[in-house]
Amino acid sequence: MTVRSIELAHLKEKVLKMAALVEIAIKKSVEALVTRDSELAVQVIKEDHKINAYDVDIDEECIRLLALKQPMGKDLRFITTAMKITTDLERIADNAVNIAERAIELNEEPQLKPYVDIPRMSRITQRMVIDTINAFINEDKLLAKDVIMRDDEIDDLNEVIWQELMKVMTSDPSTISRAVKITYISKYLERIGDHATNIAETVVYMVDGRIIRHMTRDKI
Amino acid sequence: MVIPHDENTKTVGSPLLDDGSSKISCREVNVYYGPKRAIHDVNVDIAEKEVTAFIGPSGCGKSTFLRCLNRMNDTIKGCRMEGLITIDNENIYDRNIDPVLLRARIGMVFQKPNPFPKSIYQNVAYGPRIHGLARNKAELDEIVITSLKKAGLFNEVKDQLNHPGTSLSGGQQQRLCIARAISVEPEIILMDEPCSALDPIATGKIEELIDELRQNFTIIIVTHSMQQAARVSQRTAFFHLGNLIEVDSTKTIFVNPEHKLTMDYITGRYG
């Protein structure tokens, strides 16, 4: 292995570690809501700094490699992809923190309804994050494209939750405060799906050199 | 690594230009040093008023191929060229073509600055004088000044035009050689690693100059520095073991090349 290959492998490992923390953050934040475990939610909030540190560290590492190694071709695309991915991962973690904050607030009030679709959304988004990172690590554009297609499912669930809570709020205005917070959580998960999609699109660029952002699904 | 020449000689990317922008066209070009074939079936078009970079590992044939374009290989014993090279649709190997006149149309700048052992003025005036481009001293003065200005050197040497060209710094000498090359109003300038003997500041000046010169000249540059190729050229051609592997826009070559050999070379996997 050349020095550059070792450095790129090291960078890949850091992205992988950051993604693992992000995946745990999503899982724990929703678990904190479903199991009404505010301590778990606090843990998510407290541990966010680790993800932020990775974000800064990976950015600095990418800038160093760009400046000192002047990479070209797929190495160049790999490094710019890593920079973009970490931005999205960091925002996913911020959304997990937002979910944890809403969970703490909701846990202080009686539960409005059993959570069914929110955990489902959470599972799908976690899988999307895992798969996009696997696609990045293995340079697997088919898996990346598959993740992009899954985003519709998240958007549909968000819409279902919104419609359902609208009915609840209309029939009983005393539920508005709690219902709005749940719609927020649904929206945060929907945003996580969007960020996972962004990562998947960047991975396709890394593999193919083709920018597919803003393209319609049939052209991807 | 040896490529079977019969199977893998088709150049990928866009070696041929069918939009009428081609200044030089090369078809089925083979070059031999004695029995050894150094260039294999090269087909490529060079666009007018653009910078084309030739890159590739040492011994890949890029300089040999460059020298075919102004018939410099004619001067090398045992070197033989087959195929067709045209400039503006004119076969430059036609028996009616005078290689000396051809080289006035195609200037060349070499790796090491090689000013004549004459004054700065005489270095630039020499070409126009022997080609009869000036009718009198005033016209010759004008050509010298204009050429030095175009080479970005005039302000630095205007008070010392009678000093020896060799008294200048390496970077200045190289710009003097560029002034000398453009003084005979060529259409094409060939540069064979023009910055390899220069420091980064002098290199930067030559690169800026190349960018300005492409408004008026078709430029081909052989370089070992991929960063330089990326900075100065619009199209890049990658040579490997005498084969022209890939030609495309510089952006494509350095971001998303089609051929694995090109990718391996630009990412430093070998070569």
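The values are calculated or read from the model by the stated rules, or taken from the named source; none is laboratory data. Treat the numbers as computed from the prediction; the structure is a model and nothing was measured. As a convention, Cβ positions derive from the backbone with ideal geometry for all residues, glycine included, and neighbour counts pool all protein chains shown. In case anyone asks, the SASA skips ligands and DNA or RNA and just uses the protein heavy atoms, side chains included. Shrake-Rupley method; radii C 1.70, N 1.55, O 1.52, S 1.80 Å.
Selection over segment B:218-271 of residues that are among the aromatic types (Phe, Trp, Tyr), more than 11 Å from every other protein chain (Cβ to nearest Cβ) and open to solvent by 10 Å² or more (accessible area, probe 1.4 Å) gives a count of 0.
Checked against the criterion of being basic (Lys, Arg), touching a residue at least 60 places away in the same chain (Cβ under 8 Å) and surrounded by fewer than 20 Cβ atoms within 10 Å (Cβ to Cβ), the candidates A:91, A:127, A:120 yield just one match: A:91. Just so you know, in segment A:94-117 the residues that are acidic (Asp, Glu) and not in a helix (DSSP H, G or I) include one that is surrounded by the fewest Cβ atoms within 10 Å (Cβ to Cβ), and it is A:108. Please verify whether residue B:181 is surrounded by fewer than 20 Cβ atoms within 10 Å (Cβ to Cβ), farther than 22 Å from residue A:76 by Cβ, of a type in the set (Gly, Ala, Ser) and away from chain A (no Cβ under 14 Å), treating the condition exactly as stated. The answer is no for residue B:181. Residues B:205, B:158: which one is over 24 Å from residue B:219 (Cα atoms) and either modelled with pLDDT of 95 or more or open to solvent by 30 Å² or more (accessible area, probe 1.4 Å) (or both)? Step by step, each of B:205, B:158 is checked, and only B:158 is over 24 Å from residue B:219 (Cα atoms) and either modelled with pLDDT of 95 or more or open to solvent by 30 Å² or more (accessible area, probe 1.4 Å) (or both).
Applying the set (1) within 14 Å of chain A (Cβ to nearest Cβ); (2) open to solvent by less than 40 Å² (accessible area, probe 1.4 Å) to residue B:186 leaves exactly one unmet item: (1). Working only within segment A:60-85, note down all residues that are under 21 Å from residue A:16 (Cα atoms), more than 10 Å from chain B (Cβ to nearest Cβ) and either surrounded by fewer than 18 Cβ atoms within 10 Å (Cβ to Cβ) or under 25 Å from the mean Cα position of the chain (by Cα) (or both). A:60, A:61, A:62, A:63, A:64, A:66, A:79, A:81, A:82, A:83, A:84, A:85, listed by residue number.
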